[in-house]
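**Q** Have a look at this one.
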Amino acid sequence: CVRVRACVHDVCVCACIRYDQSTSVRSSRVSMPRLARHFVGTAVRPSLARRWHWQGTALLLVITVAVQHAAGGTNGDRGSDSAVLDRLGPLCRSLINPRMPPHSVPPPAHLARLFWLHVPKSGTSFGATVWKYACPAIPDEVFTPEGQKRLTATAKQEGRLGMTMHLFEQHAHLCPVDAFATARRWVQAKTSAVKGHTALPKPLAESGQGLLMLRDPVKRLCSAFQFKHTVGMAPAQRKKLLATATTPAEFLNFSGVASCATKMLTQSNCAQDATVTPATLRVAQNRLRKAFAFVGITDYWNASMCLFHAQLGGRPQPFAFANNRPSSRWTSTAARKAAVERIRGCRQVSNSDEPNDNALYDSALALFAERLCDYGLRVPTALHHMLTDNKLAMCPQAP
C-alpha cells in the first residue's frame with residue numbers, strides 16, 4: 001500500500017483503499033475536487049503525482065465510493081446526527097435524533113418579512129428569538145434577562161412604556177427593511193408585526209410568513225386569569241369581569257374569554273365577544289399550515305427553539321432557552337399563597353371546558369411532532385401517538 005492518504009474531514013483513506021472503521025465520521029458528503037486536492041498534493045513527490053495522474057479519476061471514484069459507503073453504513077446514523085448538530089450547535093445536542101437516515105433532513109429556509117401572532121400568555125420570551133432572527137445586527141446582550149432588566153429600568157426612568165416588545169423596538173433601526181411583514185390598513189409601523197396581541201390579519205392568512213407559539217389551553221387560561229389578561233374586551237365588560245370572575249372557572253365562562261387562540265387565527269381579538277362555530281375552528285386549524293412557517297409549543301420550549309432554527313436557519317442562542325419574562329407577582333408571600341389558590345382553582349377546569357382551543361392545540365401538537373420528525377429532532381414520547389405509521393417508519397426514535 002502506497003502511503004498516500006485522501007482525507008475528508010475526519011475520514012482518511014490511503015491509496016490502497018483502506019478505511020479506518022474507528023474513525024469518527026462528521027459528514028457523509030464527499031467532494032471529488034476536494035478529495036483530489038488532498039490526494040494529489042504537496043505530500044506526494046512530483047514524479048509520483050505525475051505517474052498517478054492518469055489513474056486519478058478512476059482511483060478517486062473508488063475512494064469516494066468507499067468513503068461514502070463507510071460513512072453511510074457503519075457510522076451512517078452519526079453522519080446525519082452530526083449534520084444537524086453542525087447546523088444547530090451544541091445547545092440542541094440532546095434534542096437531535098441520532099437515528100435519522102442520512103441526507104433525509106431538509107435544509108433550512110430563511111424567512112423574510114415575518115410576523116409573529118402573539119397569543120397572550122403563550123411565551124413572550126419567544127420575542128427575543130424572533131427579533132434576533134429578524135434583526136441579527138442587534139447585540140445579543142439586548143435579549144438576555146439582564147439586558148432586558150436594564151432596558152426596562154431605563155424606560156421607566158424616562159417615563160416610557162417598559163414592555164419587552166417596545167424595548168426591542170428601540171433597536172429597530174438595525175433591522176433590514178424587509179424584516180417584517182406588512183398588511184395594508186393593518187400595520188402602522190414596520191415593527192407592529194412583532195409586538196402586541198393583534199389577531200391574524202386576513203391578507204396574511206395564507207402567506208406562510210407567520211410565527212406562532214401555542215400553549216396548553218388550561219395553563220394559558222390560568223395564567224390569563226392570574227393577570228386578568230383580556231385583550232379585545234370592551235371596557236364596560238372588563239369592569240364587570242373584574243368584579244365577578246373570582247375563580248378560573250368563572251373567568252372562562254365569562255362572555256368573550258373562551259376560544260382565545262381560535263379567535264385570533266380567524267380575525268378576532270383574544271377576548272372579543274365573537275361567535276366560534278365548528279366552521280370557524282376548521283378555518284383556524286387549516287391556517288396553522290397556511291399562515292405559519294413555524295408553529296411551536298410553549299410546553300415543549302427547548303424543542304421549539306431548536307425546531308425554529310432547524311426550519312428557518314441560524315443557531316439558537318442561550319437567551320432563547322431562558323425565561324426572559326419571569327413574573328414579578330410571585331415574589332411576596334401573599335403572591336405565592338394566591339398562586340397556590342389559583343392552581344387549586346385551575347384543577348376545576350379541564351381541556352373539555354375549552355373545546356375549540358383544545359382541538360386547535362391538538363392540531364398544533366400533531367404538526368409540531370411531524371416537523372420535529374422531519375427536521376431530525378427527537379419527538380417527545382408523549383407525542384408519538386400524533387405521528388402516522390408512515391411518519392414513524394421514516395424517522396425512528398432514539399431510545
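**Q** Please return the ranges of helices (runs of 4 or more DSSP H) entirely within region 250-335 where 2 or more residues are more than 19 Å from HIS118 (Cβ to Cβ) and either among the hydroxyl-bearing types (Ser, Thr, Tyr) or at pLDDT 95 or above (or both). Write out each step before concluding.
**A** Working: elements: 260-264, 278-290, 301-312.
Here the list reads 278-290, 301-312.
**Q** Look at ASN356 and say whether it is open to solvent by less than 40 Å² (accessible area, probe 1.4 Å) and at pLDDT 95 or above. Write out each step before concluding.
**A** Numbers: open to solvent by less than 40 Å² (accessible area, probe 1.4 Å): yes; at pLDDT 95 or above: yes.
Yes.
**Q** Checking ARG185 against (1) among the charged types (D, E, K, R); (2) under 20 Å from the mean Cα position of the chain (by Cα); (3) at pLDDT below 75, which single condition isn't satisfied?
**A** Here ARG185 meets the rest and fails (2).
**Q** Name the residues in region 246-285 that are surrounded by fewer than 21 Cβ atoms within 10 Å (Cβ to Cβ) and under 29 Å from PRO380 (Cα atoms), would you?
**A** ALA258, LEU281, ARG282, VAL283, GLN285
**Q** Looking at region 286-314, I want the residues that are open to solvent by 10 Å² or more (accessible area, probe 1.4 Å) and have a partner that is acidic (Asp, Glu) and not in a strand (DSSP E or B) with Cβ atoms under 7 Å, at least 6 apart or on another chain. Which pairs are those?
**A** Correct list of pairs: LYS290/GLU206; ASP299/ASP216.
**Q** Follow-up. Quick one: how many residues across region 224-240 are in a helix (DSSP H, G or I) and open to solvent by less than 50 Å² (accessible area, probe 1.4 Å)?
**A** First, the residues of region 224-240 that are in a helix (DSSP H, G or I): 224-227, 235-240.
From what's left, open to solvent by less than 50 Å² (accessible area, probe 1.4 Å): 224-226.
Residues flagged as in a helix (DSSP H, G or I) and open to solvent by less than 50 Å² (accessible area, probe 1.4 Å) within region 224-240 amount to 3.
**Q** Also: Taking region 205-223 as the region of interest, how many residues are open to solvent by 20 Å² or more (accessible area, probe 1.4 Å) and in a loop (DSSP other than H, G, I, E, B)?
**A** 6
The values are calculated or read from the model by the stated rules, or taken from the named source; none is laboratory data. Note that the coordinates shown come from a computational prediction; the quantities given were computed from them, not determined experimentally. We place every Cβ from the backbone using ideal geometry, glycine too, and count neighbours over all the protein chains shown. Quick note on the areas: whole protein, heavy atoms, side chains included, nothing else; ligands and nucleic acids left out. Shrake-Rupley method; radii C 1.70, N 1.55, O 1.52, S 1.80 Å.
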